[in-house]
Amino acid sequence: MNHFAAPNAELTPIVEVVAAVILQPDGQFLLAQRPAGKVYSGYWEFPGGKVEPDESLLRALERELWEELGIHVRYAQPWISRVFTYAHATVRLHFFRVVEWEGKLMPREMQAVSWQMPHQIVVSPILPANGPILQALLLPSFYAITHANEIGIELTLQQIDHALQGGLRLLQIREKQMERDKLRDFAGKVLALARPYQAKVLINSDAELAHATGADGVHFTSSQLMAMSSRPDPKHGLCGASCHNAEELFTAEQLGLDFVVLGPVQSTLSHPGLPPLGWRKFAVMIRGYSLPVYALGGMTSGDLVIAQEMGAQGIAMIRSIAQL
């Protein structure tokens, strides 16, 4: 049970539901309005419906989109799962990102549909369970992490500038060996580069520095995560955390953080003492997970497809930022 479930949700039968985040290349996604006569009629939601007995989640998704919209799914990626308790039922929503489909999209239940952009949603009201999904849609596929103390500040700034021009929109400043005054100055330069692109910059482990520099959030270490009893103050902005095992994933979920990084998936210089998870274990660990997850550890841009096929939000990269 995650933090979105009601306290007595474990006593209530859970209805399994699939939901489709149908995406266009420019980032638009489809919302549908619940027709008259249904619970929450008039509310907007992601298309989908109940999973039938002995039906796989993917098969249920394919059937629902054919029945509701007249389209055939060609390629769908498992994504986030969330439990939500309404007055009438407790549902487990299995979200899929549908990136390829065929057929003319035609609402078959006379429901209204509308293409929306994550940062500018103009329809309302939205079904309550979908709020966190809309927030997750604002997160990009790539999460870059600095290592300026290793390669030098000037080269790092050059790489960041190039990556921002190429579309990078989420960046973590992780410089554990850098002197604090130098780190503050470096963070200011990174933020100055990021602002024109509206890219988000997080500071690793130091909430005070993040607040002082005007950064967009904090990325907490796994040890900091495990010491938390509640979600950090909203003034800290975005809250991410590093996870390496199921207990840390569970804690981040209970605290309601915005996203996590899980790894190392493959061997990496940044975590030489940790055995790699491998893609199979990575996929098992995040199956049914309610937060967006970035795969970390030996990642290159070419690993994005497999990471998302495994259910990840995207990939986090340290030494491959120059590829972006």
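With the requirement that a residue be in contact with a Phe, Trp or Tyr (Cβ under 8 Å, 6 or more places away or on another chain), small (Gly, Ala, Ser) and crowded, with 21+ Cβ neighbours inside 10 Å, what does the stretch 169-216 give you?
Across the stretch 169-216, there are no qualifying residues.
Can you confirm whether the stretch 113-126 contains a residue that is without any contact (Cβ under 8 Å) to a residue 24 or more places away in the chain, surrounded by 14 or more Cβ atoms within 10 Å (Cβ to Cβ) and closer than 30 Å to ASN204 by Cα?
Checked the stretch 113-126: no residue is without any contact (Cβ under 8 Å) to a residue 24 or more places away in the chain, surrounded by 14 or more Cβ atoms within 10 Å (Cβ to Cβ) and closer than 30 Å to ASN204 by Cα.
For the stretch 292-315, enumerate the residues that are more than 21 Å from VAL99 (Cβ to Cβ) and either at pLDDT 95 or above or part of a strand (DSSP E or B) (or both).
LEU296, the sole residue that qualifies.
Of the conditions (1) out of contact with any Asp or Glu (no Cβ under 9 Å at 6 or more places or on another chain); (2) in contact (Cβ under 8 Å) with a residue 24 or more places away in the chain, VAL201 fails just one. Which one is it?
Single failed check for VAL201: (1).
With respect to the numbered conditions (1) within 20 Å of TRP79 (Cβ to Cβ); (2) open to solvent by 40 Å² or more (accessible area, probe 1.4 Å), which one is the sole condition not fulfilled by VAL265?
Condition (2) is where VAL265 drops out.
Output yes when any residue across the stretch 81-96 is at pLDDT 95 or above, more than 29 Å from ALA307 (Cβ to Cβ) and not aromatic (Phe, Trp, Tyr), and no when none is.
no
So PRO292 fits all but one of (1) surrounded by fewer than 19 Cβ atoms within 10 Å (Cβ to Cβ); (2) under 22 Å from VAL21 (Cβ atoms); (3) touching a residue at least 24 places away in the same chain (Cβ under 8 Å); what number is the exception?
That leaves (1) as the condition not met.
The values are calculated or read from the model by the stated rules, or taken from the named source; none is laboratory data. Quick caveat: nothing in here was measured; it's all calculated off a predicted structure. Here Cβ is always computed from backbone atoms with ideal geometry, including for glycine, and neighbour counts include all displayed protein chains. Remember, those area values only see protein heavy atoms, side chains included, never the ligands or the DNA or RNA. Shrake-Rupley method; radii C 1.70, N 1.55, O 1.52, S 1.80 Å.
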